[in-house]
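**Student:** This structure is in structure tokens; I'll ask about it shortly.
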Amino acid sequence: MKTLILNSPGQFQQSDTDVDSQLQDNEVLLKIHRIGICGTDYHAFRGKQPFFSYPRILGHELGAEVVAIGAGVGNVTVGDKVSVEPYINCGKCQACRNGKTNCCEKLQVLGVHSDGGMREYLKVPANKVYASKSLSYEQLALVETLGIGSHAVNRAQVQANDLVLVIGAGPIGLSVIQFAKLKGAKVAVMDMNEGRLAFCKQQLKVDETILLKDNDPVEAIRGVLDGDLPTAVFDATGNPASMMQAFKYVAHGGRLTFVGLFQGEVTFNDPEFHRKEVTLLASRNALPEDFHSIIAAMEDGTLDTRPWVSHRVSFDSLIDSFETLLLPESRVIKAVIEL
């Protein structure tokens, strides 16, 4: 089968590898049709992804077809179109026992800790696939991205009376916006890219946009929130300077949620942190219930991610085109690999 391997930062290789079709109980074999490209893949390509080693087969946002099932599989049948939950958890550690499978102590994320879906076929546990009779492979490949936003918004317990600020209008920021809007909150988004802000205004109907320039961000935020500060701030940049600045944007008694991450340490002014009584949250991955609810919302039209996909790339041309997706002038919102 055709397989793309990231051997080292900036160095993809396409090769032919064998298909391991011997299935264990409660395991399924998938044919991969669509692969979303996310920030994790870009960071890995640049050599800046935490929890990562090379060589690695990337790809964890997957729209796939079930082509074989092992004994005991009852949730899907051959021919089903599925989304894949790429978080392979142990089921035994304290986090798993407490229902926190997204941050299992021994978590193996496909495409990060173990080889992912940038190949024609992939075996996964059957409980990690979620079928839909109406969604396309491309839509199913975006479910995992949406799960990141869904989980983050749930972590922050966003309510309709919240003032929400999302920093970073990449795919993860977009997913946070989607679910904050569904909660009924007023949502502002801040980014350095005017095109992305325009997309948020036109497609996601955010209430306010803030172009991050040389002016004081706090003043700009207060300017669009009638003098107030946001009660729930989400940093989806993975940029250390942005993340550490974000403490200044939170209202007294508010919450700051880090959805992105970087290799390094976060520092902040402790007296100011205490004075405001800020709640600081980390948000990692998503939970199974996020996948179920997102697929249902996409099926009934509550969520529409079709405008997100700005670039489609064939599997065979990815090596030549991947680096161009990183360029600001490419104006990528979301890129999807077609296989």
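A quick yes/no check of all residues on (1) among the aliphatic types (A, V, I, L, M); (2) over 21 Å from the mean Cα position of the chain (by Cα); (3) assigned to a strand (DSSP E or B):
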| position | (1), (2), (3) |
| --- | --- |
| Q13 | no, yes, yes |
| I32 | yes, no, yes |
| S53 | no, no, no |
| G63 | no, no, yes |
| C90 | no, yes, no |
| G116 | no, no, no |
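**Student:** Next question. Yes or no: the stretch 275-285 includes at least one residue that is part of a loop (DSSP other than H, G, I, E, B), surrounded by fewer than 16 Cβ atoms within 10 Å (Cβ to Cβ) and in the same structural domain as I35 (by TED's automatic domain parsing). First the steps, then the outcome.
**Tutor:** As a first pass, look at the stretch 275-285 and keep what is part of a loop (DSSP other than H, G, I, E, B): 277-278, 283-285.
This time we only want the ones that are surrounded by fewer than 16 Cβ atoms within 10 Å (Cβ to Cβ), so: 277.
Subsequent filtering for residues that are in the same structural domain as I35 (by TED's automatic domain parsing) retains none.
There is no residue in the stretch 275-285 that is part of a loop (DSSP other than H, G, I, E, B), surrounded by fewer than 16 Cβ atoms within 10 Å (Cβ to Cβ) and in the same structural domain as I35 (by TED's automatic domain parsing).
**Student:** Charged (D, E, K, R) and over 20 Å from L135 (Cβ atoms): which single residue out of D290, D300, D304, D316 fits that description?
**Tutor:** Values: D290 fails: over 20 Å from L135 (Cβ atoms); D300 fails: over 20 Å from L135 (Cβ atoms); D304 fails: over 20 Å from L135 (Cβ atoms).
Answer to the check: D316.
**Student:** Scan the stretch 277-312 for residues that are touching a helix residue (DSSP H, G or I) at 6+ places or on another chain (Cβ under 8 Å), in contact (Cβ under 8 Å) with a residue 40 or more places away in the chain and not small (G, A, S) and report the count.
**Tutor:** Result for the stretch 277-312: 17.
**Student:** Here are some conditions: (1) small (G, A, S); (2) within 29 Å of L6 (Cβ to Cβ); (3) out of contact with any Leu (no Cβ under 9 Å at 6 or more places or on another chain). G74 meets all but one. Which one does it not meet?
**Tutor:** That leaves (2) as the condition not met.
**Student:** In addition: Kindly provide the set of residues from the stretch 242-256 that are aliphatic (A, V, I, L, M) and under 14 Å from M190 (Cα atoms), ordered by number.
**Tutor:** Taking the stretch 242-256 as the starting set, the residues that turn out to be aliphatic (A, V, I, L, M) are 243-244, 246, 250-251, 256.
Answer for the stretch 242-256, where residues must be aliphatic (A, V, I, L, M) and under 14 Å from M190 (Cα atoms): M243, A246, V250.
**Student:** While we're looking at this one, here's another question. What is the number of the single condition among (1) crowded, with 19+ Cβ neighbours inside 10 Å; (2) farther than 17 Å from I295 by Cβ that Y130 does not meet?
**Tutor:** Unmet for Y130, out of (1) crowded, with 19+ Cβ neighbours inside 10 Å; (2) farther than 17 Å from I295 by Cβ: (2).
**Student:** Sticking with this one: Collect the residues in the stretch 243-278 that are in contact with a Leu (Cβ under 7 Å, 6 or more places away or on another chain) and of a type in the set (S, T, N, Q), keeping them in residue-number order.
**Tutor:** Of everything in the stretch 243-278, just one residue is in contact with a Leu (Cβ under 7 Å, 6 or more places away or on another chain) and of a type in the set (S, T, N, Q), namely T257.
**Student:** Something else about it: Scan the stretch 69-88 for residues that are closer than 24 Å to G36 by Cβ and either part of a strand (DSSP E or B) or in contact (Cβ under 8 Å) with a residue 24 or more places away in the chain (or both) and report the count.
**Tutor:** Residues that pass the stated criteria total 11.
**Student:** Related question: I'm trying to understand the selection: among the residues of the stretch 300-333, which are over 26 Å from M1 (Cα atoms) and of a type in the set (K, R)?
**Tutor:** Those that are over 26 Å from M1 (Cα atoms) and of a type in the set (K, R): R306, R331.
**Student:** Can you tell me which residue within the stretch 146-158, out of those that are surrounded by fewer than 24 Cβ atoms within 10 Å (Cβ to Cβ) and outside any loop (DSSP other than H, G, I, E, B), is nearest to the chain's Cα centre (by Cα)? Working first, answer last.
**Tutor:** From the stretch 146-158, those surrounded by fewer than 24 Cβ atoms within 10 Å (Cβ to Cβ) are 151, 154-155, 157; that's our starting set.
Adding the requirement that they be outside any loop (DSSP other than H, G, I, E, B) leaves 151, 154-155.
Values: H151: 10, N154: 15, R155: 15 Å.
Within the stretch 146-158, the match that is nearest to the chain's Cα centre (by Cα) is H151.
**Student:** Quick one: which of H311, H292 is out of contact with any Phe, Trp or Tyr (no Cβ under 6 Å at 6 or more places or on another chain) and part of a strand (DSSP E or B)? Before you say what the answer is, go through the steps one by one.
**Tutor:** Values: H292 fails: part of a strand (DSSP E or B).
Of the residues listed, the single one that is out of contact with any Phe, Trp or Tyr (no Cβ under 6 Å at 6 or more places or on another chain) and part of a strand (DSSP E or B) is H311.
**Student:** Also: What residue, among those in the stretch 159-172 that are surrounded by fewer than 24 Cβ atoms within 10 Å (Cβ to Cβ) and out of contact with any Pro (no Cβ under 7 Å at 6 or more places or on another chain), is modelled with the lowest pLDDT?
**Tutor:** At the first step, the residues of the stretch 159-172 found to be surrounded by fewer than 24 Cβ atoms within 10 Å (Cβ to Cβ) are 159-163, 170.
Among the residues that remain, those that are also out of contact with any Pro (no Cβ under 7 Å at 6 or more places or on another chain) are: 159-162, 170.
Working: Q159: 98, A160: 98, N161: 97, D162: 98, G170: 91.
The residue in question is G170.
**Student:** Within the stretch 95-107, how many residues are more than 16 Å from the chain's Cα centre (by Cα) and either part of a strand (DSSP E or B) or surrounded by fewer than 20 Cβ atoms within 10 Å (Cβ to Cβ) (or both)?
**Tutor:** Residues in the stretch 95-107 being more than 16 Å from the chain's Cα centre (by Cα) and either part of a strand (DSSP E or B) or surrounded by fewer than 20 Cβ atoms within 10 Å (Cβ to Cβ) (or both): 8 in total.
The values are calculated or read from the model by the stated rules, or taken from the named source; none is laboratory data. All values reported here derive from a predicted model rather than from experimental measurement. No Cβ is skipped: glycine too gets one built from the backbone with ideal geometry, and neighbour counts run over all protein chains shown.
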